[in-house]
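Right, one structure below, let's go through it.
All of the numbers you see were taken from the coordinates with simple rules; none came from a lab. Remember, predicted model here, so these are calculated numbers, not experimental data. Using ideal geometry, Cβ is built from the backbone for each residue, glycine included, and neighbour counts are taken over all protein chains shown.
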Amino acid sequence: MENWVRIAASADLDRPRPLIPVTLAGKRLVLFRDETGALGLIGRNCPHRGADLCYGRLENNGLRCPFHGWHFDRTGQCVEQPAEPEGSKMHEQIRVPMIPVRETNGEIYAQIGAALAQTGSEEARP
Ligand code: FES
């Protein structure tokens, strides 16, 4: 699999909260399995105030930030901001990085090229 690197075993997500932190190409990411069994690999830092999405709540095919509740789907798109007025479209302008993942024979792979191409605030912190 060209350009794909192993980041975890499928068994690593066999836990009550199927979610683990991953660092790939210096990017802080969170790998999770949603309630349909699909995988997501998205930026770990919420673009609002930087909360760690590893502590987020798994729901509706994505992760809800533990701080103010912004909700991100598996593509990294923000799909809800609870404190915004009803009908607000602000969330459509907000997203976190997303790295394509695939699962084969009990192993999970991420597309390293996508991680290398990402820029922004997801750099690994000391
Ligand atoms: S820090 Fe994530 S919603 Fe505010």
3J(HN,Hα) from dihedral phi, region 6-16, Karplus parametrisation 6.51/-1.76/1.60, rounded to Hz, x for glycine, proline: 6, 10, 6, 8, 3, 5, 4, 9, 7, 8, x
For region 44-61, take each phi angle, set θ = phi - 60°, evaluate the Karplus expression 6.51 cos²θ - 1.76 cosθ + 1.60, and give the result in whole Hz per residue in order, putting x for glycine and proline. 8, 9, 4, x, 6, 10, x, 4, 7, 5, 5, 9, x, 9, 6, 6, 6, 6
Give, rounded to the nearest 20 debye, the magnitude of the charge dipole that region 4-117 has about its Cα centre when Lys and Arg contribute +1 at Cβ and Asp and Glu contribute -1 at Cβ. 360
Apply the Karplus parameterisation 6.51 cos²θ - 1.76 cosθ + 1.60, with θ equal to phi minus 60°, to every residue of region 101-113 and state each ³J(HN,Hα) to the nearest whole Hz, in sequence, with x for glycine and proline. 10, 9, 10, 9, 6, x, 10, 10, 10, 10, 7, 4, x
Identify which of Gly69, Gly26, Gly106 has the largest mean-square fluctuation in a Gaussian network model of the chain, with springs joining Cα atoms closer than 10 Å. Gly106
Taking amide H atoms as placed 1.01 Å from N in the peptide plane, list the residues 5 or more away in sequence, or in a different chain, whose amide H sits under 5 Å from that of Ala51. Cys46
How much length is gained if the chain between His48 and Val5 is pulled fully straight, taking 0.36 nm per residue apart and subtracting their Cα-Cα distance, in nm to one decimal? 12.5 nm
Which of Ala25, Ala11, Thr36, positive extreme of dipole for the chain (C-beta unit charges): Ala25
Coordinate range along principal axes, alpha carbons of the chain, Å, largest first: 45, 30, 26
If I take every Cα pair under 8 Å that is 6 or more residues apart in the chain, average their sequence separation and divide by the length, what percent do I get for the relative contact order? 28
